[in-house]
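A short write-up of the structure that comes next.
Values quoted throughout were computed directly from the atomic coordinates according to the rules given, and no laboratory measurement underlies them. This structure is a prediction, so every number in the text was calculated from the model and none was measured. Counting neighbours? That spans all protein chains shown, and the Cβs are built from the backbone with ideal geometry, glycine included.
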Amino acid sequence: MKKTLGIGACNLLLSLLMVQQSWGNTSANVPAIMDSNAKVEKLSSGLKFTEGPVWNPSGFLFFSDIPADTIYKWTTNGISVLRRPAGNPNGNTFDRQGRLITAQHNRQLTRTEKNGKITILAERYQGKRLNSPNDVVVKSDGSIYFTDPPYGIQKEQEELGFYGIYRWKPDGTLTLLNKEMVRPNGIAFSPDEKKLYVSDSEKLHIRVFDVQSDGTLANSRVFAELPGATDKGVPDGMKVDAKGNIYCSGSGGVWFFSPTGQLLGKIPVPESVTNLAWGNKDYKTLYITAGKSIYRIRLNIAGVKPGQN
């Protein structure tokens, strides 16, 4: 089902005006990112809780439905099941070989092989079970970075005592990179991979780290604040475009920032946004998982392709 929402030029301009009043004059930056007549389209609804969108270059979208324990495939003809059960899947991406990488609330990070077999990449750190892997991004060297907050488990199930950011290397080594964030969630590299952005859903901000030559992280600092009513969304999934602008879920929709952390604007979305994905042949369409639905909006700058930083 495809439905065009009534979020056109008027609402968009109102949203941008609010941004200007609160954050200074940003309107000059917005036309480069999206046109004033850009519209959010609803592609599908009636799901349980959507997450983890990722575009397959063959021309379709994968996304997770966590409580439905399913990874779905969306095409213009509708939705079909890719994998069920799926370990209560959350974030998805592709590795350098085009294999699906999934962060799962059953406390595993997995890879779906080309023949459909599921390989568990990580489920324990120093002998203790992970919390619930949440979101994931692949670096150009093949290493996988992921966040591990406790959203998929009960307090009494926690074994580690912290919520970390990890790196999995192709040789199977799992390294804890940071354990100081309150609720690490969405994760994304800058186009040159010199910075790693991680959202904190409880602190309502995005942190940025410098990526060292050995792949470790340093110089943690707040990149941007995303205040607002939490029942309308929190900092969660993130993506970066080819010019280094950062797009993140937040209260009321998708917030987008310049590489220096300046708030450029917001894309209003009717449901609480959970995650984002670039798609279509030119990767200029932003796909949005939110609440029980899937949305998209056409933008002007191409996004960074999964697994191809």
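Miscellaneous remarks
- Members of region 58-81 that are surrounded by 13 or more Cβ atoms within 10 Å (Cβ to Cβ) and either under 18 Å from G303 (Cβ atoms) or of a type in the set (F, W, Y) (or both): F60, L61, F62, F63, Y72, W74
- Flag if F49 is in contact with a Ser or Thr (Cβ under 8 Å, 6 or more places away or on another chain), without any contact (Cβ under 8 Å) to a residue 60 or more places away in the chain and not small (G, A, S): no
- 2 or more residues surrounded by 17 or more Cβ atoms within 10 Å (Cβ to Cβ) and touching a helix residue (DSSP H, G or I) at 6+ places or on another chain (Cβ under 7 Å): qualifying strands (runs of 3 or more DSSP E) within region 238-309: 263-268
- Filter pass, P235 being in contact with a strand residue (DSSP E or B) (Cβ under 8 Å, 6 or more places away or on another chain), crowded, with 24+ Cβ neighbours inside 10 Å and in a loop (DSSP other than H, G, I, E, B): yes
- Counting only residues that are of a type in the set (S, T, N, Q) and surrounded by fewer than 19 Cβ atoms within 10 Å (Cβ to Cβ), region 37-57 holds 3 of them.
- Enumerated strands (runs of 3 or more DSSP E) restricted to region 78-170, each holding at least 2 residues that are among the small types (G, A, S) and closer than 28 Å to S45 by Cβ: 78-83
- Residue-level analysis places Q97 outside the set of residues that are buried (at least 17 other Cβ atoms within 10 Å of the Cβ) and polar (S, T, N, Q).
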